[in-house]
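The values are calculated or read from the model by the stated rules, or taken from the named source; none is laboratory data. This structure is a prediction, so every number in the text was calculated from the model and none was measured. Neighbour counts run over all protein chains shown; Cβ positions are idealised from the backbone, glycine included.
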Amino acid sequence: MTNPLRTAGQFVVILALFMAVAAFSNWPVYRQNPQGSAVVMLTFVHGADRQAECRRLTPAEIAKLPPNMRRVQECPRGRRSLEVELDIGGKTVYRASLPPSGIAGDGPSKVYERFVWPAGEYDIAVRMRDSPRREGFDYMRSEHVKLAPDQLLVIDFNPQGREFVFR
Amino acid sequence: MIHAIRAILRRGFELIERPFDYLFGASLNPLKQLGALGFFFFWVVAVSGIYLFIFFDTGIERAYQSVEYLTNDHWYHAGVMRSLHRYASDLMVVMVLTHLLREFAYDHYRGARWFSWFTGLPIIWLLYTSGITGYWLVWDKLAHYVAIVSSELLDWLPIFGEPIARNFISTGTLTSRFFTLMVFMHVAVPLILLFIMWVHIIRISRPKVNPPRMLAGLTLAALIAVSLWKPAVSQGHVDMAKVSTELGLDWLYLPLYPLVDLWGKGGVWAFLLAFSVMLGLMPWLPPLRRAKAAEVFLDHCNGCGRCVEDCPYEAIRMVKRTDALPFPTQAQVNPSLCVACGICAGACPSSTPFRRTEDLVTGIDLPEYPIRLLRERTVAMSSTLSGPARVLVLACDHGGAARRKEQTVHVPCVAMVPPSLIDFILSRNLADGVVVAGCSESACFNRLGGDWTEQRFAGERDPYLRARVPRERIATVWTSKLAVSQTEASIAAFTDKIAALPPAKLRSPLPPSIRILEQGADETQAAGGQQKAEAPND
């Protein structure tokens with residue numbers, strides 16, 4: 001083989017390898033969700049009520065405290081767990097008790113859940129309890145939603161308005 | 001188990017390398033330049049990245065628009081640069097992973113080599129981090145997917161208070177400062193990567209960080225051709241109210257992302273942790289083999305520094321003389337860096353087998369395989385040679401003659417053979433011809449043994465092979481461990497050639513001390529005792 005031919009052969013081999021790498025850089029196509037599906041995402045960050053109410057200390061208890069740390073009431077740091085439920089099309093797809101975050105359990109609870117659902121019309125309901133009550137929920141929202149293919153429906157909680165938001 | 005995997009991989013590599021050797025020649029074979037090509041692609045990525053940064057605009061809308069502008073409106077320079085940036089990055093992954101597999105297959109990760117192996121691990125992490133941050137910057141649909149899955153993976157770790165992924169699911173939560181942060185990450189991480197790449201090669205001498213010019217030119221030309229053939233393009237602007245069901249994924253950088261759907265985030269983290277721990281611990285997994293490091297014998301070291309020049313692992317340095325001999329420096333071995341290849345012993349001018357000392361001691365030697373033993377084995381093996389062409393093979397333990405038994409003296413590396421030993425064999429009529437059989441070209445197990453041997457024989461590197469040694473009676477065979485038949489064919493052809501040659505003129509009688517070596521070690525000592533150390537005659 002002459003030198004130019006040999007060099008051409010070398011170039012062709014390198015080119016073929018690089019073409020394979022370039023092809024692999026885009027192909028095969030990855031399908032994350034089934035065709036014609038949408039995603040409902042339930043995600044919010046919210047701190048539930050404290051585990052116990054603040055309690056007024058007795059004069060004797062206050063006197064026991066070091067002078068520089070005396071206070072009139074004691075408030076436990078820990079928060080309750082959030083109770084959350086989500087229904088799609090009348091079926092409960094998510095029910096969880098979300099513990100507070102943080103080492104002392106005094107941070108907000110958080111949820112980030114994704115539900116892949118076939119496109120179509122659904123009644124979607126979300127409920128949350130953040131108080132000491134044992135029955136029922138403190139916040140609820142129900143919507144009739146038309147889910148388009150590839151749509152991402154986010155269900156969030158607005159802490160200022162204290163209500164669920166569908167967007 | 002590991003041994004079996006390594007054997008299969010090695011066979012695979014050698015089968016692939018052979019046609020590449022044929023087409024490219026050993027010096028241009030890309031499979032033997034993986035590390036150098038990795039560096040080369042890094043520089044292509046760096047230069048193209050700097051060029052692209054001129055056009056890139058940080059901002060939620062502007063990021064995508066600027067990338068589209070440079071891709072479409074300025075395709076002939078900036079667009080090509082984008083493709084070069086993308087494909088060189090992909091090729092860097094290919095080089096790194098192939099390099100990793102090859103070093104594993106050739107058992108190049110244990111003993112003193114642990115450092116390079118271990119520092120390769122952060123290179124993999126940093127390389128992937130660099131690539132992933134790059135994909136975010138484009139802010140197309142793929143970037144959205146990468147951003148969500150990456151942040152979901154990070155959110156799985158109990159580090160962040162609020163899920164980061166929430167920033168990427170609705171408009172209004174993301175600001176342009178995010179892109180400034182990503183640009184910073186995309187510059188800072190590759191810089192750290194470059195630093196670790198430097199650390200990776202710091203313990204080896206003469207690392208190959210630049211491919212041969214011809215190979216670099218062909219590689220760059222092919223990269224440009226691929227960039228024109230299949231330009232890197234975006235996959236449409238992000239719509240946060242939508243999920244992309246179909247994506248053209250970069251399977252080289254993002255192979256773990258689909259696994260998040262299959263294994264879950266915890267599963268992917270467990271895989272990454274297990275992969276990293278296993279890779280990190282591999283140099284210390286059994287069977288642990290470590291030959292004793294080379295030793296310096298000051299009485300025979302004149303501080304010439306040839307061993308330092310030739311050591312492929314920076315394991316020897318010259319230090320101030322500690323004895324009374326009139327030389328300013330002496331060699332000092334760092335045992336933790338020494339792989340006991342014996343190249344230093346082959347470079348030492350005191351390693352001449354002509355020396356008529358009581359016990360042949362050289363300036364620097366292997367405790368488990370000293371030059372004295374090499375001379376003894378050579379003399380002993382020569383006595384078994386017969387026929388019209390007595391050919392002695394000096395074979396390294398990693399080449400095509402590694403398993404040879406007859407007519408063969410084995411060494412850890414062919415460069416352990418001092419050129420004077422060849423002179424000794426031929427001038428003392430121990431053989432009619434000598435074959436030096438090492439690893440295949442540019443793939444020396446001990447990195448530089450083949451090169452040093454060729455240069456010493458050609459008189460280009462100390463210690464030279466004497467001019468009086470007839471070159472037609474020496475052959476070098478560079479073949480891989482698998483190429484046994486090719487090696488045997490080369491040796492047979494050389495034997496035939498020697499048989500056709502007239503008797504060699506360079507003959508001097510074997511000194512009594514060496515003759516006695518053939519009769520046994522005890523007698524050798526007795527004979528050596530009568531002859532006190534004399535000055536070397538070579």
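Summed over the stretch B:423-475, residues that are under 30 Å from B:PHE24 (Cβ atoms) and of a type in the set (A, V, I, L, M) total 10. Determine which single condition A:VAL45 fails, assuming it passes every other condition in (1) more than 11 Å from chain B (Cβ to nearest Cβ); (2) closer than 30 Å to A:PRO118 by Cα. Unmet for A:VAL45, out of (1) more than 11 Å from chain B (Cβ to nearest Cβ); (2) closer than 30 Å to A:PRO118 by Cα: (1).
Of the helices (runs of 4 or more DSSP H) lying entirely inside the stretch B:59-173, those containing at least 2 residues that are within 24 Å of the chain's Cα centre (by Cα) and not polar (S, T, N, Q) are B:80-105, B:114-138. Looking at B:ARG110, B:ARG82, which one is basic (Lys, Arg) and either surrounded by fewer than 23 Cβ atoms within 10 Å (Cβ to Cβ) or closer than 30 Å to B:ALA294 by Cα (or both)? Testing whether each residue is basic (Lys, Arg) and either surrounded by fewer than 23 Cβ atoms within 10 Å (Cβ to Cβ) or closer than 30 Å to B:ALA294 by Cα (or both) leaves just B:ARG110. Being within 14 Å of another protein chain (Cβ to nearest Cβ), of a type outside the set (D, E, K, R) and in a helix (DSSP H, G or I) is true for just one of B:LEU194, B:LEU215. Which residue is that? After ruling out the rest, the residue left standing is B:LEU215.
Of everything in the stretch B:431-460 that is surrounded by fewer than 19 Cβ atoms within 10 Å (Cβ to Cβ) and more than 22 Å from the chain's Cα centre (by Cα), the residue that is farthest from B:ALA475 (Cα to Cα) is B:GLU460.
Taking the stretch B:236-253 as the search range and keeping residues that are of a type in the set (A, V, I, L, M) and at the interface with chain A (Cβ under 9 Å from one of its Cβ atoms), which one is nearest to the chain's Cα centre (by Cα)?
So the residue we want is B:LEU252.
I'm trying to understand the selection: among the residues of the stretch A:114-134, which are part of a strand (DSSP E or B) and either closer than 13 Å to A:VAL45 by Cβ or hydrophobic (A, V, I, L, M, F, W, C) (or both)? Across the stretch A:114-134, the qualifying residues are A:PHE115, A:VAL116, A:TRP117, A:ILE124, A:ALA125, A:VAL126, A:MET128.
Select from the stretch B:304-326 the residues that are touching a Lys or Arg at 6+ places or on another chain (Cβ under 7 Å) and at pLDDT 95 or above and list them in ascending order. Don't jump to the end; show me each part of the working.
Of all residues in the stretch B:304-326, those touching a Lys or Arg at 6+ places or on another chain (Cβ under 7 Å) come to B:308, B:312-314.
Residue satisfying the conditions is B:VAL308 alone.
Selection of first residues in the stretch B:427-456 that are in the same structural domain as B:GLU314 (by TED's automatic domain parsing) and of second residues that are at pLDDT below 90 and among the β-branched types (Val, Ile, Thr), restricted to Cβ pairs under 9 Å at least 6 apart or on distinct chains, gives the following pairs, ordered by first then second residue: B:ARG428/B:ILE514; B:LEU430/B:ILE514; B:ARG447/B:ILE204. Given the conditions (1) in the same structural domain as A:LYS146 (by TED's automatic domain parsing); (2) touching a residue at least 12 places away in the same chain (Cβ under 8 Å); (3) assigned to a loop (DSSP other than H, G, I, E, B); (4) more than 27 Å from A:GLN160 (Cβ to Cβ), which single one is not true for A:ILE103? Status for A:ILE103: all satisfied but (2).
Once the stretch A:1-33 is narrowed to residues that are hydroxyl-bearing (Ser, Thr, Tyr) and more than 7 Å from chain B (Cβ to nearest Cβ), the residue that is farthest from B:ARG82 (Cα to Cα) is A:THR2. Being free of Cβ contacts under 8 Å to residues at least 60 places away in the same chain and either farther than 26 Å from A:VAL165 by Cα or within 24 Å of the chain's Cα centre (by Cα) (or both) holds for only one residue in A:ASN68, A:ASN33, and it is A:ASN68.
If a residue has to be of a type in the set (Val, Ile, Thr) and either closer than 14 Å to B:VAL233 by Cα or outside the structural domain of B:VAL238 (by TED's automatic domain parsing) (or both) to count, how many in the stretch B:55-77 make the cut? Talk me through it step by step, then tell me what you get.
Step one: filter the stretch B:55-77 for residues of a type in the set (Val, Ile, Thr), giving B:58, B:60, B:67, B:71.
Those left that are additionally either closer than 14 Å to B:VAL233 by Cα or outside the structural domain of B:VAL238 (by TED's automatic domain parsing) (or both): B:67, B:71.
Residues meeting the conditions: 2.
Against the condition under 30 Å from B:PRO349 (Cα atoms) and either facing chain A (nearest Cβ under 10 Å) or assigned to a loop (DSSP other than H, G, I, E, B) (or both), how does B:ALA222 come out, does it pass? Steps first, please.
Working: under 30 Å from B:PRO349 (Cα atoms): no; either facing chain A (nearest Cβ under 10 Å) or assigned to a loop (DSSP other than H, G, I, E, B) (or both): yes.
Against the criterion (under 30 Å from B:PRO349 (Cα atoms) and either facing chain A (nearest Cβ under 10 Å) or assigned to a loop (DSSP other than H, G, I, E, B) (or both)), B:ALA222 does not qualify.
The residue that is farthest from the other protein chains (Cβ to nearest Cβ), among those in the stretch B:20-31 that are at pLDDT 90 or above and either loosely packed, with under 14 Cβ neighbours inside 10 Å or part of a helix (DSSP H, G or I) (or both), is B:LEU31. Residue-level analysis places B:VAL233 among those that are more than 8 Å from chain A (Cβ to nearest Cβ), crowded, with 19+ Cβ neighbours inside 10 Å and more than 30 Å from B:SER27 (Cβ to Cβ).
Which residue is farthest from A:ARG127 (Cα to Cα), if the candidates are limited to the stretch A:1-53 and must be hydrophobic (A, V, I, L, M, F, W, C) and in a loop (DSSP other than H, G, I, E, B)?
First pass over the stretch A:1-53, keeping only residues hydrophobic (A, V, I, L, M, F, W, C): A:1, A:5, A:8, A:11-24, A:27, A:29, A:38-42, A:44-45, A:48, A:52.
Keeping just the survivors that are in a loop (DSSP other than H, G, I, E, B) gives A:1, A:27, A:48, A:52.
On the way: A:MET1: 77, A:TRP27: 42, A:ALA48: 14, A:ALA52: 22 Å.
Checking each candidate, the answer is A:MET1.
Of all residues in the stretch A:1-25, those that are over 20 Å from B:ASP90 (Cα atoms) have Cβ atoms under 6 Å from Cβ atoms of residues that are at pLDDT 95 or above, 6 or more apart or on another chain, in A:GLN10/B:LEU218. Looking only at the stretch B:252-304, residues that are outside any helix (DSSP H, G or I) and within 22 Å of B:LEU127 (Cβ to Cβ) come to 5 in all.
Looking across the stretch B:164-191 at every residue that is more than 14 Å from chain A (Cβ to nearest Cβ), of a type in the set (Val, Ile, Thr) and surrounded by fewer than 17 Cβ atoms within 10 Å (Cβ to Cβ), the one that is farthest from A:THR43 (Cα to Cα) is identified as B:VAL187.
Kindly establish whether A:VAL72 is β-branched (Val, Ile, Thr), out of contact with any helix residue (DSSP H, G or I) (no Cβ under 6 Å at 6 or more places or on another chain) and more than 11 Å from chain B (Cβ to nearest Cβ). Don't jump to the end; show me each part of the working.
Working: β-branched (Val, Ile, Thr): yes; out of contact with any helix residue (DSSP H, G or I) (no Cβ under 6 Å at 6 or more places or on another chain): yes; more than 11 Å from chain B (Cβ to nearest Cβ): yes.
Against the criterion (β-branched (Val, Ile, Thr), out of contact with any helix residue (DSSP H, G or I) (no Cβ under 6 Å at 6 or more places or on another chain) and more than 11 Å from chain B (Cβ to nearest Cβ)), A:VAL72 qualifies.
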